[in-house]
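Engineer: Quick one: structure below, then a few questions.
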Amino acid sequence: MTTVVGTSLKRKEDPKLLTGSGYFSDDIKLPGMLHAVILRSPHAHAKIKNINVDEALQSPGVVKIYTGKDLEGKIGRIPSSWLVPDCNLKEAPQYPLAIDRVRYVGDGVAMLIAEDRYTARDALDLIDVEYEVLPPSVHQKKAMEEGASLVHDDVDNNIAFHWKAGEIPEEIFHSAEVVVKESFHVQRVAPSPMETRAAVGQYHPATGELTLYCTSQNPHIHRMVLSGVLGISEAKLQVIVPDMGGGFGGKIGVYPDEALIGYAARDLHQPVKWIEQRNEHFMASNHGRDEIIEVELAGNHDGKLTGIRVKNIANMGAYLSTMGPGVPTIDFGLMITGSYDIPHASCETFGVYTNTTPTDAYRGAGKPEATYQIERIIDLFAREIGMDPLELRKKNFAPKEAFPYTNAQGLVYDSGDYEKPLKKALEIVDYEKLRKEQEELRKEGKLIGIGLSTYVELCGFGPSAVAGAIGFQGGVWENSTVRVHPSGKVTVFAGTSPHGQGHATTFGQVVSDKLGIPMDDIEFVFNDTKAVSMGWGTYGSRSTAVGGGAVSMAADRVVDKAKKIAAHELEVSTEDLEFEKGVFKVKGVPGRERTFQEIAKAANYAWNLPEGMEPSLEGQAFFDPENFVYPFGTHIVIVEIDQDTGEIDLKRYIAVDDVGRVINPLTASGQVHGGIAQGVGQAMWEGVVYNDEGQLMSGTFMDYTMPKARFFPEIENSFTETMSPVNPLGSKGVGETGTTASIPAVMNAVVDALAPFGITDIDMPLTPEKVWRAIQKGREQA
Amino acid sequence: MKIENSHTFKGISVEMLWNTLQNKEVLRGALPGCKSFEEVEEDVYDAELGINVGPVKGLFTAEVRQVEKREPEFYKLIVHGKGKPGEISASANMRLEDSEAGAILTCSADVSVTGMLASVGQRVTGGVAKLLLGQFFKDIEKEAKKIVNL
């Protein structure tokens with residue numbers, strides 16, 4: 001009966017955004033609105049000796065200046081929301097503004113509020129802060145050494161947590177025929193959404209209510225956390241997220257800044273707006289990754305893999321951010337075997353405090369890192385035993401018959417058929433022919449590389465009981481209300497909050513099919529904690545799998561009730577009715593029918609309802625899935641490297657992803673393309689760099705290279721569909737697959753191209769200089 | 001960040017160069033973008049310098065200290081500067097040597113910067129600092145020649 005699910009409808013959201021009619025945080029203009037700017041530390045580590053605000057306060061138009069000391073006891077600490085258990089986690093306090101010590105370049109020192117933004121920005125320079133500079137700890141390995149400067153005095157060796165999962169019997173590595181080792185640095189990157197962070201606070205003195213407009217991927221988490229931080233009832237705090245230009249994980253975090261703006265609006269009884277500047281974003285918005293991963297893979301000469309041992313030293317930055325601790329532990333450590341049936345695995349993760357910007361989830365969050373190490377080491381293992389990396393993968397895939405498959409770390413993969421997308425991808429590139437061509441071209445001195453990534457990732461958070469067991473401070477179910485108005489038009493409320501994903505389109509397709517009404521009859525309400533019952537956010541590719549599940553269930557409830565009313569009006573039992581394309585029909589009696597719109601009116605007028613039935617037509621559902629979802633697929637990258645310049649030419653990019661049921665191939669492909677751009681960006685161009693003093697060297701787009709459309713060939717993407725059994729739609733997640741898969745695919749292709757020079761690894765990002773140097777070194781050694 | 005630059009002052013003796021470099025009036029004229037230059041105690045100066053490093057512009061207030069003076073061959077400058085775009089700390093070894101052509105002044109400095117100067121200006125700071133030093137040497141040379149010709 002499906003009509004629109006599975007079709008490539010154009011995004012409902014686009015006309016508004018493309019014609020400049022979007023309404024973003026900075027579009028908000030309220031009467032009497034003031035403007036806030038934050039003074040940020042120029043030092044990575046320093047004591048605050050004195051702050052003199054006198055001159056700044058005298059500047060015309062300046063209304064108020066707050067320092068950390070001014071706010072002591074008035075705003076609570078900013079907590080982490082992922083307190084991973086059993087790892088001796090030490091959560092050091094993070095205050096909304098630093099009180100006596102700054103711990104990274106960008107740490108907030110003072111907030112200045114003025115009548116307009118320019119006055120505020122100019123006056124900020126007049127605040128005089130006297131610092132006593134302390135030695136910083138910047139790099140995570142050095143920060144753990146004896147004698148390293150302590151970021152927090154009571155956290156020995158700067159170790160925020162030490163987490164372990166899985167054990168490997170001694171004999172596995174002793175008796176292994178082959179052990180391959182490598183250390184990878186999945187470098188620090190900046191999420192860099194098109195819109196930076198923002199917040200606008202508005203206090204209503206008469207009721208004591210506070211409305212906070214802000215950039216957030218999870219408005220209800222912001223409300224929950226900030227109500228505690230600000231000491232205000234959740235029932236009096238409304239968080240609204242206007243249109244938002246991307247997040248990529250960087251807007252999951254509940255930051256000090258939103259709390260400060262809420263506080264100031266309440267304190268001054270005037271609306272206050274703060275818009276993050278781009279250079280501020282580079283230093284004060286959470287970064288992603290920065291994990292040094294040491295991996296050992298054991299197996300036999302015939303290619304049978306027997307065990308994997310991983311140590312991850314993760315740079316957490318100066319404070320533990322909202323989801324920070326979960327990323328290199330749960331998200332990473334339980335997924336280290338990837339799509340392979342490796343019987344034994346162990347992971348040990350150190351989370352380390354440093355004098356750098358905190359790190360948090362960034363597109364993929366732990367899974368790109370896990371996928372990088374397994375997809376890279378498996379290539380190195382294949383080279384060691386002289387086997388085609390494709391053969392080694394196929395030999396070790398978790399077999400189709402084994403699903404639901406339990407991996408060595410205890411996770412149960414919901415469904416999978418890893419050969420299926422692989423086969424399709426190989427057909428697209430004609431793998432055998434490609435390898436022969438590569439051989440021929442090598443003879444001509446051309447460096448062609450073929451890189452594979454046959455990934456699986458964990459997403460669609462998830463069962464709430466599991467969230468509790470792994471220390472997440474909240475639930476991870478979703479909710480939706482489908483409200484049918486008397487005309488038969490529908491408003492859908494959904495808890496996951498879109499900011500570019502196209503929820504209104506994909507969820508609309510689900511509702512349209514369920515109720516048999518046109519897409520144009522369906523409107524959505526998202527991103528408002530007062531309107532939407534609850535929601536746990538948009539991250540971890542969970543919106544369709546979990547949020548879509550809730551929407552689907554709520555729509556089913558509407559149909560159930562409508563059917564009872566239709567049966568009552570038509571004087572038959574519900575079993576005698578069929579519901580097709582928005583019409584309830586009595587089976588075998590043509591013409592005996594009621595349209596959905598007629599029932600909507602009947603339900604709302606309530607003139608003639610079945611006995612005991614409550615009026616109105618509205619369905620609400622709260623969906624807590626029984627398991628995560630595990631999308632998978634094969635990405636193949638073909639590169640050519642110029643050996644004189646080290647430049648990499650991306651010749652082809654093939655992605656075959658299996659994300660379960662695809663609601664809208666167009667928007668799903670959009671997610672895949674964007675994800676690939678971000679993953680290739682990490683592999684080839686992006687990188688946050690600090691110098692030894694903890695100064696941020698990559699603080700602008702002049703120094704931080706973002707992927708651009710012209711850097712890419714046409715991305716040849718397609719899907720296979722292996723349904724997930726854990727949600728009503730059968731869908732998995734699609735938002736992060738591209739990022740997770742592409743980073744090792746690119747690196748494998750580049751290392752494959754450079755194999756004639758004996759090169760086995762290069763640090764990311766793959767700048768031409770690094771590639772050129774590796775070639776020179778390879779030539780010298782040859 | 002290490003910055004090194006040297007200049008040969010043709011026809012000028014080491015002693016003459018030393019005296020020129022110790023002359024406050026000369027320094028005020030020769031320091032790039034110098035708005036003020038006052039001696040607050042012996043060998044300690046407060047200066048205001050307008051600096052323009054690529055995209056970063058700003059007025060810096062600096063304390064400059066001369067230490068380890070060994071007339072006429074060596075002194076060390078310790079500079080702490082502070083301005084809107086960030087802070088600068090520098091320690092510069094100034095070495096004066098005789099040669100047939102004239103006195104050679106070699107400046108080797110260790111410079112660290114913070115804030116926007118670091119995140120925006122770092123890539124150009126080294127080059128600009130060299131340029132400014134070159135400018136400074138030329139101005140000193142001009143002043144020294146004036147004194148010689150008096």
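The values are calculated or read from the model by the stated rules, or taken from the named source; none is laboratory data. Keep in mind that what you see is a predicted model, and the values were worked out from it rather than measured. Here the Cβ positions follow ideal geometry from the backbone for every residue, glycine too, while neighbour counts run over all protein chains shown.
Engineer: Only one of these is more than 28 Å from B:K10 (Cα to Cα) and in contact with a strand residue (DSSP E or B) (Cβ under 7 Å, 6 or more places away or on another chain): B:I88, B:I78, B:I104. Name it.
Structural biologist: Values: B:I78 fails: more than 28 Å from B:K10 (Cα to Cα); B:I104 fails: more than 28 Å from B:K10 (Cα to Cα).
None of the others qualify; the one that does is B:I88.
Engineer: I'd like to check something: does the stretch A:426-444 contain any residue that is buried (at least 22 other Cβ atoms within 10 Å of the Cβ) and either at pLDDT below 95 or over 18 Å from the mean Cα position of the chain (by Cα) (or both)? Working first, answer last.
Structural biologist: Here is the first cut: in the stretch A:426-444, the ones buried (at least 22 other Cβ atoms within 10 Å of the Cβ) are none.
No, the conditions are met nowhere in the stretch A:426-444.
Engineer: Looking at the stretch A:58-73, can you tell me whether even one residue there is outside the structural domain of A:F507 (by the TED database), crowded, with 17+ Cβ neighbours inside 10 Å and either in contact with a Pro (Cβ under 7 Å, 6 or more places away or on another chain) or under 30 Å from A:V525 (Cβ atoms) (or both)?
Structural biologist: Yes, the stretch A:58-73 contains a residue that is outside the structural domain of A:F507 (by the TED database), crowded, with 17+ Cβ neighbours inside 10 Å and either in contact with a Pro (Cβ under 7 Å, 6 or more places away or on another chain) or under 30 Å from A:V525 (Cβ atoms) (or both).
Engineer: Follow-up. For the stretch B:84-135, what are the residues that are in a loop (DSSP other than H, G, I, E, B) and loosely packed, with under 15 Cβ neighbours inside 10 Å?
Structural biologist: So the first thing to find is which residues in the stretch B:84-135 are in a loop (DSSP other than H, G, I, E, B), and the list is B:84-85, B:98-101, B:114, B:120-121.
B:D98, B:S99, B:E100, B:A101 - these are the residues of the stretch B:84-135 that are in a loop (DSSP other than H, G, I, E, B) and loosely packed, with under 15 Cβ neighbours inside 10 Å.
Engineer: Further question: Hey, can you tell me all the residues within the stretch B:94-150 that are within 19 Å of the chain's Cα centre (by Cα), among the hydrophobic types (A, V, I, L, M, F, W, C) and within 14 Å of chain A (Cβ to nearest Cβ)?
Structural biologist: Scanning the stretch B:94-150 gives B:V111, B:V113, B:L117, B:V124.
Engineer: For B:E63, indicate whether it is surrounded by fewer than 19 Cβ atoms within 10 Å (Cβ to Cβ), in contact with a His (Cβ under 7 Å, 6 or more places away or on another chain) and over 23 Å from B:S6 (Cβ atoms).
Structural biologist: For B:E63, the condition - surrounded by fewer than 19 Cβ atoms within 10 Å (Cβ to Cβ), in contact with a His (Cβ under 7 Å, 6 or more places away or on another chain) and over 23 Å from B:S6 (Cβ atoms) - is met.
Engineer: Working only within the stretch A:117-131, note down all residues that are touching a residue at least 60 places away in the same chain (Cβ under 8 Å) and of a type in the set (F, W, Y).
Structural biologist: A:Y131, the sole residue that qualifies.
Engineer: Name the residues in the stretch A:59-80 that are in contact with a strand residue (DSSP E or B) (Cβ under 7 Å, 6 or more places away or on another chain) and part of a loop (DSSP other than H, G, I, E, B), would you?
Structural biologist: A:G61
Engineer: Can you find even one residue in the stretch A:664-676 that is in a loop (DSSP other than H, G, I, E, B), modelled with pLDDT of 95 or more and in contact with a strand residue (DSSP E or B) (Cβ under 9 Å, 6 or more places away or on another chain)?
Structural biologist: Step one: filter the stretch A:664-676 for residues in a loop (DSSP other than H, G, I, E, B), giving A:664.
Filter once more, keeping what is modelled with pLDDT of 95 or more: A:664.
Those still in the list that are in contact with a strand residue (DSSP E or B) (Cβ under 9 Å, 6 or more places away or on another chain) too: none.
No: the stretch A:664-676 contains no residue that is in a loop (DSSP other than H, G, I, E, B), modelled with pLDDT of 95 or more and in contact with a strand residue (DSSP E or B) (Cβ under 9 Å, 6 or more places away or on another chain).
Engineer: Restricting the search to the stretch A:233-270, which residues are in a loop (DSSP other than H, G, I, E, B) and out of contact with any Lys or Arg (no Cβ under 8 Å at 6 or more places or on another chain)? Before you say what the answer is, go through the steps one by one.
Structural biologist: Restricting attention to the stretch A:233-270, the residues satisfying the condition of being in a loop (DSSP other than H, G, I, E, B) are A:233, A:241-242, A:244-255, A:269-270.
Scanning the stretch A:233-270 gives A:S233, A:V241, A:P242, A:G245, A:G246, A:G247, A:I252, A:G253, A:V254, A:H269, A:Q270.
Engineer: Here is a list: A:V734, A:V688. Which entry is within 14 Å of chain B (Cβ to nearest Cβ) and at pLDDT 95 or above? If you could, list the steps in order and put the result at the bottom.
Structural biologist: Numbers: A:V734 fails: within 14 Å of chain B (Cβ to nearest Cβ).
Going through A:V734, A:V688 in turn, the sole match is A:V688.
Engineer: Just a yes or no: is a residue in the stretch A:105-116 away from chain B (no Cβ under 13 Å) and either without any contact (Cβ under 8 Å) to a residue 40 or more places away in the chain or surrounded by fewer than 20 Cβ atoms within 10 Å (Cβ to Cβ) (or both)? Lay out the reasoning, then the answer.
Structural biologist: First, pick out the residues of the stretch A:105-116 that are away from chain B (no Cβ under 13 Å): A:108, A:110-116.
Those left that are additionally either without any contact (Cβ under 8 Å) to a residue 40 or more places away in the chain or surrounded by fewer than 20 Cβ atoms within 10 Å (Cβ to Cβ) (or both): A:115-116.
The answer is yes, given that some residue of the stretch A:105-116 is away from chain B (no Cβ under 13 Å) and either without any contact (Cβ under 8 Å) to a residue 40 or more places away in the chain or surrounded by fewer than 20 Cβ atoms within 10 Å (Cβ to Cβ) (or both).
Engineer: Does any residue in the stretch A:744-773 that is in contact (Cβ under 8 Å) with a residue 40 or more places away in the chain come within less than 9 Å, Cβ to Cβ, of a residue that is crowded, with 18+ Cβ neighbours inside 10 Å and among the basic types (K, R) six or more places away or on a different chain, and which pairs are these?
Structural biologist: Short answer, once both residue conditions are applied: A:P744/A:R376; A:M747/A:R376; A:N748/A:R376; A:V751/A:R376; A:D761/A:R376.
Engineer: Right, something else. If a residue has to be more than 30 Å from A:T354 (Cβ to Cβ) and touching a residue at least 60 places away in the same chain (Cβ under 8 Å) to count, how many in the stretch A:17-45 make the cut? Before the answer, list the steps.
Structural biologist: At the first step, the residues of the stretch A:17-45 found to be more than 30 Å from A:T354 (Cβ to Cβ) are A:17-35.
Narrowing further to those that are touching a residue at least 60 places away in the same chain (Cβ under 8 Å): A:17, A:22-28, A:30-35.
So the answer is 14.
Engineer: If A:D125 passes every condition in (1) closer than 23 Å to A:K273 by Cα; (2) at pLDDT 95 or above but one, which one does it miss?
Structural biologist: Answer for A:D125: the failing condition is (2).
Engineer: Take the residues in the stretch A:641-670 that are β-branched (V, I, T) and under 21 Å from A:Y413 (Cα atoms); name whichever of them is surrounded by the most Cβ atoms within 10 Å (Cβ to Cβ).
Structural biologist: First, the residues of the stretch A:641-670 that are β-branched (V, I, T): A:641, A:645, A:648, A:654, A:656, A:659, A:662-663, A:667.
Now restrict to residues that are under 21 Å from A:Y413 (Cα atoms): A:656, A:659, A:662.
Values: A:V656: 26, A:V659: 28, A:V662: 25.
Among them, the one singled out is A:V659.
Engineer: Can you say whether A:D520 is surrounded by fewer than 24 Cβ atoms within 10 Å (Cβ to Cβ), without any contact (Cβ under 8 Å) to a residue 12 or more places away in the chain and under 19 Å from A:V4 (Cα atoms), as far as the supplied structure shows?
Structural biologist: yes
Engineer: Might you check whether a residue that is in contact (Cβ under 8 Å) with a residue 12 or more places away in the chain, under 28 Å from A:L766 (Cα atoms) and of a type outside the set (D, E, K, R) occurs anywhere in the stretch A:168-182?
Structural biologist: yes
Results for (1) without any contact (Cβ under 8 Å) to a residue 40 or more places away in the chain; (2) under 30 Å from A:F403 (Cβ atoms); (3) assigned by the TED database to the domain that holds A:V532; (4) part of a strand (DSSP E or B), shown as yes or no for each residue.
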site	(1), (2), (3), (4)
A:L609	no, no, yes, no
A:H635	no, yes, no, yes
A:E640	no, no, no, yes
A:T645	no, no, no, no
A:K651	no, no, no, yes
A:V656	no, yes, no, yes
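Engineer: Right, here's the next one. From the residues in the stretch A:117-131 that are under 34 Å from the mean Cα position of the chain (by Cα) and either at positive phi or surrounded by fewer than 18 Cβ atoms within 10 Å (Cβ to Cβ) (or both), which one is nearest to the other protein chains (Cβ to nearest Cβ)? So that I can check it myself, show each step before the final result.
Structural biologist: Just the residues of the stretch A:117-131 that are under 34 Å from the mean Cα position of the chain (by Cα), to begin with: A:117-118, A:120-121, A:124.
Now drop any that are not either at positive phi or surrounded by fewer than 18 Cβ atoms within 10 Å (Cβ to Cβ) (or both), which leaves A:117-118, A:121.
On the way: A:R117: 17, A:Y118: 15, A:R121: 11 Å.
Among those residues, the one meeting the criterion is A:R121.
Engineer: Now, a different point. With the condition kept exactly as written, say whether any residue in the stretch A:355-363 is outside the structural domain of A:V229 (by the TED database) and part of a strand (DSSP E or B).
Structural biologist: Going residue by residue through the stretch A:355-363, those that are outside the structural domain of A:V229 (by the TED database) are A:355-363.
From what is left, the residues that are part of a strand (DSSP E or B) are A:359.
Scanning the stretch A:355-363 turns up at least one residue that is outside the structural domain of A:V229 (by the TED database) and part of a strand (DSSP E or B).
Engineer: Of the residues A:E348, A:E369, A:E384, which single one is assigned to a helix (DSSP H, G or I) and surrounded by fewer than 24 Cβ atoms within 10 Å (Cβ to Cβ)? Quick ask: steps written out before the conclusion?
Structural biologist: Numbers: A:E348 fails: assigned to a helix (DSSP H, G or I); A:E369 fails: surrounded by fewer than 24 Cβ atoms within 10 Å (Cβ to Cβ).
Going through A:E348, A:E369, A:E384 in turn, the sole match is A:E384.
Engineer: So in the stretch A:271-330, with the set limited to residues that are among the basic types (K, R) and either more than 26 Å from the chain's Cα centre (by Cα) or more than 21 Å from A:V689 (Cα to Cα) (or both), which one is nearest to the other protein chains (Cβ to nearest Cβ)? Give the steps one after another, and end with the answer.
Structural biologist: Taking the stretch A:271-330 as the starting set, the residues that turn out to be among the basic types (K, R) are A:273, A:278, A:289, A:304, A:309, A:311.
Still in the list and also either more than 26 Å from the chain's Cα centre (by Cα) or more than 21 Å from A:V689 (Cα to Cα) (or both): A:273, A:304, A:309, A:311.
Details: A:K273: 23, A:K304: 50, A:R309: 38, A:K311: 32 Å.
Here the answer is A:K273.
Engineer: Next question. Can you find a residue in the stretch A:195-203 that is out of contact with any Phe, Trp or Tyr (no Cβ under 6 Å at 6 or more places or on another chain), on the phi < 0 side of the Ramachandran plot and part of a helix (DSSP H, G or I)?
Structural biologist: No, the stretch A:195-203 has no match at all.
Engineer: Residue by residue through the stretch A:691-722, note down the ones that are over 23 Å from A:V771 (Cβ atoms), buried (at least 19 other Cβ atoms within 10 Å of the Cβ) and within 14 Å of chain B (Cβ to nearest Cβ).
Structural biologist: Correct list: A:E693, A:G694, A:Q695, A:L696, A:G699.
Engineer: Also, quick follow-up: Return the only residue of A:G147, A:G108 being out of contact with any Cys (no Cβ under 7 Å at 6 or more places or on another chain) and closer than 22 Å to B:G83 by Cβ. Write out each step before concluding.
Structural biologist: Numbers: A:G147 fails: closer than 22 Å to B:G83 by Cβ.
So the residue among A:G147, A:G108 that is out of contact with any Cys (no Cβ under 7 Å at 6 or more places or on another chain) and closer than 22 Å to B:G83 by Cβ is A:G108.
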